[in-house]
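S.K.: Sharing a structure below in structure tokens format, with a few things to ask.
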Amino acid sequence: PSPAAAHLAVVEPRPRREAAALSTARRHRWFAPAVLVLVIVGGMVGVTVRALLVLPLGGAGVHPLVVPAVPMAINLVGSLLLGVIVGALADRHPRARMFLGTGVLGGFTTYNAFAVQAVTTPSASPYVGIPLIAVSLFGGVFAALVGLAMGRRAADRPGEVEAPEEAE
């Protein structure tokens with residue numbers, strides 16, 4: 001037989017059962033129940049810590065600027081800590097990253113509060129609302145960059161730059 005025919009003879013179609021098993025393995029490779037539990041437990045920890053910080057400040061007599069400042073501070077601290085985690089752990093401890101980054105810090109930070117305050121605060125007080133939005137956005141990026149540098153330095157990898165698709 002010709003070389004092309006010999007090549008075709010080697011590539012045989014897989015039996016349906018084997019192909020289905022391979023497809024199932026590929027499809028479920030991204031999902032692990034243990035990781036889901038880690039993220040859920042981490043989220044519970046993060047939400048609890050945020051509630052412990054926010055709830056005491058929600059009473060009467062609190063200055064009106066405290067209300068938008070607290071979520072902004074939480075998000076800035078969360079951005080810094082996420083940068084530290086990603087910088088220090090890189091791809092070496094994926095479960096720890098899922099627990100700490102996605103779980104704990106995902107529960108700790110609060111985008112929905114930021115989004116609501118980004119709409120309501122500028123309409124009530126543009127001199128407070130516009131800087132609040134700018135500090136939250138640019139400060140969060142800056143805090144994450146500082147955190148990445150701190151984490152890499154702590155892990156003794158100061159010059160390593162992680163590709164964006166690997167930083168998830």
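The values are calculated or read from the model by the stated rules, or taken from the named source; none is laboratory data. This one's a predicted model, so the numbers in the text were calculated from it and none came from an experiment. Here Cβ is always computed from backbone atoms with ideal geometry, including for glycine, and neighbour counts include all displayed protein chains. Each accessible area value is taken on the protein alone, full model and side chains, heavy atoms only, with ligands, DNA and RNA left out. Shrake-Rupley method; radii C 1.70, N 1.55, O 1.52, S 1.80 Å.
S.K.: What about Val119, is it part of a helix (DSSP H, G or I), modelled with pLDDT of 95 or more and not acidic (Asp, Glu)? Before the answer, list the steps.
M.R.: Working: part of a helix (DSSP H, G or I): yes; modelled with pLDDT of 95 or more: no; not acidic (Asp, Glu): yes.
Against the criterion (part of a helix (DSSP H, G or I), modelled with pLDDT of 95 or more and not acidic (Asp, Glu)), Val119 does not qualify.
S.K.: Then there is this: If you check Phe138 against the conditions, is it open to solvent by 40 Å² or more (accessible area, probe 1.4 Å), within 20 Å of Ile85 (Cβ to Cβ) and assigned to a helix (DSSP H, G or I)?
M.R.: Values: open to solvent by 40 Å² or more (accessible area, probe 1.4 Å): yes; within 20 Å of Ile85 (Cβ to Cβ): no; assigned to a helix (DSSP H, G or I): yes.
It is false that Phe138 is open to solvent by 40 Å² or more (accessible area, probe 1.4 Å), within 20 Å of Ile85 (Cβ to Cβ) and assigned to a helix (DSSP H, G or I).
S.K.: Another question about this same structure. Quick one: Met72 ticks every box in (1) within 13 Å of Gly42 (Cβ to Cβ); (2) touching a residue at least 60 places away in the same chain (Cβ under 8 Å) bar one, so which box is it?
M.R.: (1)
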